[in-house]
Amino acid sequence: MSAPTTTSAGPAPMTHREILEALSGLLLVLFVAMASSTIVSTALPKIIGDLNGSQTQYTWVVTATLLTATATTPIWGKLSDLYSKKLLVQIAIVVFVIGSLIAGFTQNTEQLIAARAFQGLGMGGVQALVQVAIAAMIPPRERGRYNGYLGGVMALSTVAGPLLGGLIVDTSWLGWRWCFFIGAPFAVIALALLQKTLHLPVMRRENVKIDYLGAALIAAGVSVILIWISFVDDSFAWISWQTLAMVGGGLVLLALAVWVESRVDEPVVPLPIVRQRTTALAIIASLAVGMAMFGGAVFLGQYFQIGRGYSPTQAGLLMIPMMFGILVSSTISGRMITKTGKIKPHVVIGTIVLVIGFAGLSLLDHDTSLWYIGAAMAVVGVGVGMSMQNLVLAVQNTVSLKDIGAASSTVAFFRSLGGTIGVSVLGAVLARRVSDSMTEQLTAAGYPAGSTGGTSSLNLSSLPEAVQHMVRVAYGDATGHIFLISVGVAVIGVIAAFAMKPTMLRSTVDLAPAKADGKEPALSK
């Protein structure tokens with residue numbers, strides 16, 4: 001079997017000024033995509049309440065986006081190794097804009113979940129391809145400084161998203177639909193900027209195919225298991241034929257995906273890269289970071305509104321400590337990495353700080369001091385900022401330029417997978433504990449079963465005042481429990497970070513010819 005031929009066509013390496021110009025468009029579209037995923041964190045209680053949805057549907061509005069973004073991330077990454085990275089970024093932006101507009105016009109929770117799933121296709125492409133484009137422009141050693149900008153934009157978007165979502169739903173003449181409409185014009189502006197400023201070499205490889213079968217099997221396997229998580233212990237028992245069918249079927253699909261990926265010429269998740277020590281450990285650590293990034297934004301926004309009674313705008317403001325922690329730590333650690341060339345110490349410290357932050361949040365209940373909550377959130381933010389982008393950078397440092405898309409998207413895939421599983425699992429646990437707490441409180445107060453009259457517990461304004469208080473207690477007390485689960489997951493990330501091999505970041509965009517054989521760079525003396 002002959003190896004695919006590779007030729008490159010494109011302009012000379014970009015200057016520092018050209019890099020900054022291109023970054024303006026890349027960071028703008030990344031901001032829009034990231035903000036679109038966090039803008040619903042404070043708006044969702046209002047959205048689901050207006051649509052009379054359930055806690056499970058609340059979770060799936062977020063999970064659907066993460067699932068499609070996760071499933072397609074490896075495909076976007078692989079395509080970027082084969083075709084024009086610039087064109088693919090632009091296509092992802094167009095898909096994202098169309099999905100955003102569809103979501104804004106939905107009439108019920110089922111339509112919203114489907115629209116958010118479509119929006120996730122573009123969102124996954126944007127988040128993966130922006131990092132691929134940056135990796136194609138900037139050597140790893142210098143990328144630490146630019147990753148500070150990247151982390152800053154991510155932090156700003158996660159701050160602006162909840163704040164913007166809160167302001168929109170609190171503004172009567174706008175309404176929650178503008179949470180989805182508002183990103184479209186900015187994405188179009190980013191599209192125009194990139195057309196003018198982004199100039200990257202095109203890797204043309206002949207006789208290659210995308211492994212759509214492997215991607216479909218991965219997506220199907222993950223979807224089946226997530227659906228099982230959402231309904232187990234509610235619609236059916238843990239030990240039941242439904243559990244056997246769904247868990248067994250999901251594992252079989254994933255096993256088939258591994259089998260397919262090991263035999264095709266161009267797998268969407270390249271197993272040789274995944275088997276590298278640095279990549280494998282970065283994947284494990286990314287699962288914990290993904291749970292922190294997505295789970296924290298989703299359920300803390302709900303905690304402040306449902307559990308504490310704050311408005312969406314106030315909930316957005318209360319999220320600032322975590323985002324401030326991300327901004328400060330990502331910027332400082334990025335500059336220190338550029339200066340020293342060493343990345344492992346920052347990842348190790350970041351994952352340890354993450355565990356401490358989760359441990360603090362696990363003590364939440366419906367009347368915890370806001371100062372304490374803010375401090376714990378800031379600690380979580382510091383942990384995320386020090387580890388999230390640096391895990392991707394560690395992997396990018398071990399592969400050649402021709403594989404940078406697959407390697408970057410593989411880490412992003414597992415980070416998103418961690419977020420998807422985290423939101424789904426934590427959401428299912430939260431829903432179960434809230435249900436049990438509500439049943440217990442209603443019974444103790446002498447209310448008949450089902451006294452909410454078929455009204456969603458998230459639609460507080462339609463509930464009797466006494467029942468509203470019970471809902472706040474139930475959500476406030478249940479939130480701390482889900483972060484206790486996150487502590488255990490984050491500990492695994494710490495172990496993985498400690499086991500990573502110390503490496504020095506290279507100062508060239510591509511691996512030197514002598515090191516392009518798949519071996520990881522050794523620590524320079």
Item to check | Residue under evaluation ALA376, criteria (1) touching a Leu at 6+ places or on another chain (Cβ under 6 Å); (2) modelled with pLDDT under 85; (3) hydrophobic (A, V, I, L, M, F, W, C), criterion not met | outcome: (2)
Checklist entry - Taking the stretch 33-43 as the search range and keeping residues that are closer than 14 Å to PHE96 by Cβ and among the hydrophobic types (A, V, I, L, M, F, W, C), which one is surrounded by the fewest Cβ atoms within 10 Å (Cβ to Cβ)? => result MET34
Checklist entry - Looking at ILE349, is it more than 30 Å from HIS469 (Cα to Cα), open to solvent by 30 Å² or more (accessible area, probe 1.4 Å) and either in contact with a strand residue (DSSP E or B) (Cβ under 8 Å, 6 or more places away or on another chain) or without any contact (Cβ under 8 Å) to a residue 60 or more places away in the chain (or both)? => result yes
Checklist entry - Within the set of pairs 6 or more residues apart or between chains, which connect a residue that is farther than 12 Å from SER408 by Cα and at pLDDT below 75 inside the stretch 266-278 to a residue that is in a loop (DSSP other than H, G, I, E, B) and of a type in the set (A, V, I, L, M, F, W, C) with Cβ atoms less than 7 Å apart? => result GLU266/VAL208; GLU266/ILE210
Next on the checklist: Take PHE324 and tell me if it is assigned to a helix (DSSP H, G or I), open to solvent by 10 Å² or more (accessible area, probe 1.4 Å) and of a type in the set (Phe, Trp, Tyr).
Outcome noted: yes
Next on the checklist: For GLU110, only one of the following conditions fails: (1) open to solvent by less than 10 Å² (accessible area, probe 1.4 Å); (2) under 25 Å from TYR303 (Cα atoms); (3) charged (D, E, K, R). What is its number?
Outcome noted: (1)
Checklist outcome for this item: Per the list (1) modelled with pLDDT of 75 or more; (2) open to solvent by 40 Å² or more (accessible area, probe 1.4 Å); (3) more than 30 Å from LEU354 (Cα to Cα), residue check on HIS481 breaks on (3)
Checklist outcome for this item: All-but-one check, ILE343 against (1) modelled with pLDDT under 85; (2) farther than 26 Å from VAL130 by Cβ; (3) β-branched (Val, Ile, Thr), failing number (2)
Checklist entry - Do we have LEU393 as of a type in the set (A, V, I, L, M) and modelled with pLDDT of 85 or more here? => result no
Item to check | Residue satisfying condition, being open to solvent by 10 Å² or more (accessible area, probe 1.4 Å), at pLDDT 75 or above and either under 23 Å from ILE227 (Cβ atoms) or under 15 Å from the mean Cα position of the chain (by Cα) (or both), within set LEU256, LEU281 | outcome: LEU256
Next on the checklist: Quick check on this structure: which one of LYS501, LYS519, LYS525 is modelled with pLDDT of 60 or more and open to solvent by 40 Å² or more (accessible area, probe 1.4 Å)?
Outcome noted: LYS501
Checklist entry - Within the stretch 39-77, which residues are over 16 Å from ALA220 (Cα atoms) and hydroxyl-bearing (Ser, Thr, Tyr)? => result SER41, THR42, SER54, THR56, TYR58, THR59
Checklist outcome for this item: Checking LEU87, LEU30, LEU101, LEU66 in turn, the sole residue that is open to solvent by less than 30 Å² (accessible area, probe 1.4 Å), in a helix (DSSP H, G or I) and modelled with pLDDT of 80 or more turns out to be LEU30
Next on the checklist: Within the stretch 377-388, does at least one residue satisfy the condition of being without any contact (Cβ under 8 Å) to a residue 24 or more places away in the chain and part of a helix (DSSP H, G or I)?
Outcome noted: no
Checklist entry - What number of residues within the stretch 153-192 satisfy the criterion of being open to solvent by 60 Å² or more (accessible area, probe 1.4 Å) and in a helix (DSSP H, G or I)? => result 10
Checklist entry - Any idea how many residues of the stretch 44-54 are assigned to a helix (DSSP H, G or I) and either in contact with a His (Cβ under 6 Å, 6 or more places away or on another chain) or open to solvent by less than 20 Å² (accessible area, probe 1.4 Å) (or both)? => result 5
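The values are calculated or read from the model by the stated rules, or taken from the named source; none is laboratory data. All figures in this text were calculated on a predicted structure; none of them were measured in a lab. Cβ: placed from backbone, ideal geometry, glycine included. Neighbour counts: every protein chain shown. Side chains are part of the model used for accessible areas, which takes the heavy atoms of the whole protein and leaves out ligands, DNA and RNA. Shrake-Rupley method; radii C 1.70, N 1.55, O 1.52, S 1.80 Å.
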